[in-house]
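The structure appears below as structure tokens.
The values are calculated or read from the model by the stated rules, or taken from the named source; none is laboratory data. These figures come from a predicted structure and were not determined experimentally. Neighbour counts run over all protein chains shown; Cβ positions are idealised from the backbone, glycine included.
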Amino acid sequence: MAPEILKQEPYHTSVDWWALGCSIYEMVAGRLPFRDHKEKFIKEEIVRRTLEDECKFEHKNFDALSKDINSLFLKKNIEDRLGCKDEPRMHEFFKSINIPRLEAGLIAPPWLPKPNVVYAKDTGDIRDFSEVKGVEFDAMPISWQQEMIDSRLFDELNNPNRKKAAPEDDDEQKSKSYKFSFAFLFILGLFFRGGYQHDLLLTFSKISSFAFNTRNL
């Protein structure tokens with residue numbers, strides 16, 4: 001986080017320029033600033049470094065331009081930070097980019113990730129992703145996600161304007177309870193790797209179907 005956030009001071013877009021500096025640093029060095037590679041860190045120590053220490057550019061991938069733009073984006077004083085003081089797009093680091101064409105969407109991205117693949121070790125900790133190379137595993141298939149959307153399972157849960165319903169009888173309450181449980185299990189299944197979530201939902205569907213049938217006997 002930017003120093004002004006850590007100090008609980010009023011802030012504006014200055015924190016976004018700080019975040020951009022952190023992103024560029026991570027893309028160059030494969031880790032966040034104020035952290036050593038694979039370091040077991042304590043939160044309080046990272047806060048102290050962010051507030052007090054100057055950022056180090058020891059990784060071999062840093063050149064003069066990447067060092068310069070990062071040092072400007074990671075200025076602790078807001079008035080000195082690039083984006084708050086000077087126009088970032090005028091920096092030499094962005095010289096090779098045609099900004100008007102980029103803003104118009106006329107520049108093709110150099111690489112497009114596959115929509116159904118997660119390029120990471122573990123979806124539970126995004127901060128560790130950048131230190132994992134060449135590891136990928138299947139995410140929730142897009143077709144299956146679309147199937148769940150088309151089933152309108154979450155319409156009621158996603159409606160912020162839904163009104164409080166009148167008291168229901170036991171059968172209606174049980175029906176909604178099963179619906180909610182199914183939705184909860186679907187969300188829970190997103191955290192399982194591979195195809196386990198699909199098997200989990202199939203099992204729960206069978207249990208729900210059996211419960212509905214026996215209830216009406």
Run down 136, 131 and say which single residue is modelled with pLDDT under 70 and farther than 23 Å from residue 21 by Cα. 136
Answer yes or no: is there a residue in the stretch 29-40 that is acidic (Asp, Glu) and either out of contact with any helix residue (DSSP H, G or I) (no Cβ under 9 Å at 6 or more places or on another chain) or in contact (Cβ under 8 Å) with a residue 60 or more places away in the chain (or both). yes
Kindly list the number of the only condition in (1) surrounded by 14 or more Cβ atoms within 10 Å (Cβ to Cβ); (2) touching a helix residue (DSSP H, G or I) at 6+ places or on another chain (Cβ under 8 Å); (3) modelled with pLDDT under 85; (4) assigned to a loop (DSSP other than H, G, I, E, B) that fails for residue 123. (2)
Report, by residue number, each residue of the stretch 1-51 that is buried (at least 16 other Cβ atoms within 10 Å of the Cβ), in contact with a Cys (Cβ under 7 Å, 6 or more places away or on another chain) and over 15 Å from residue 77 (Cβ atoms). 33, 34
Residue list for the stretch 55-85, filter: surrounded by 12 or more Cβ atoms within 10 Å (Cβ to Cβ), over 27 Å from the mean Cα position of the chain (by Cα) and at pLDDT 90 or above: 65, 68
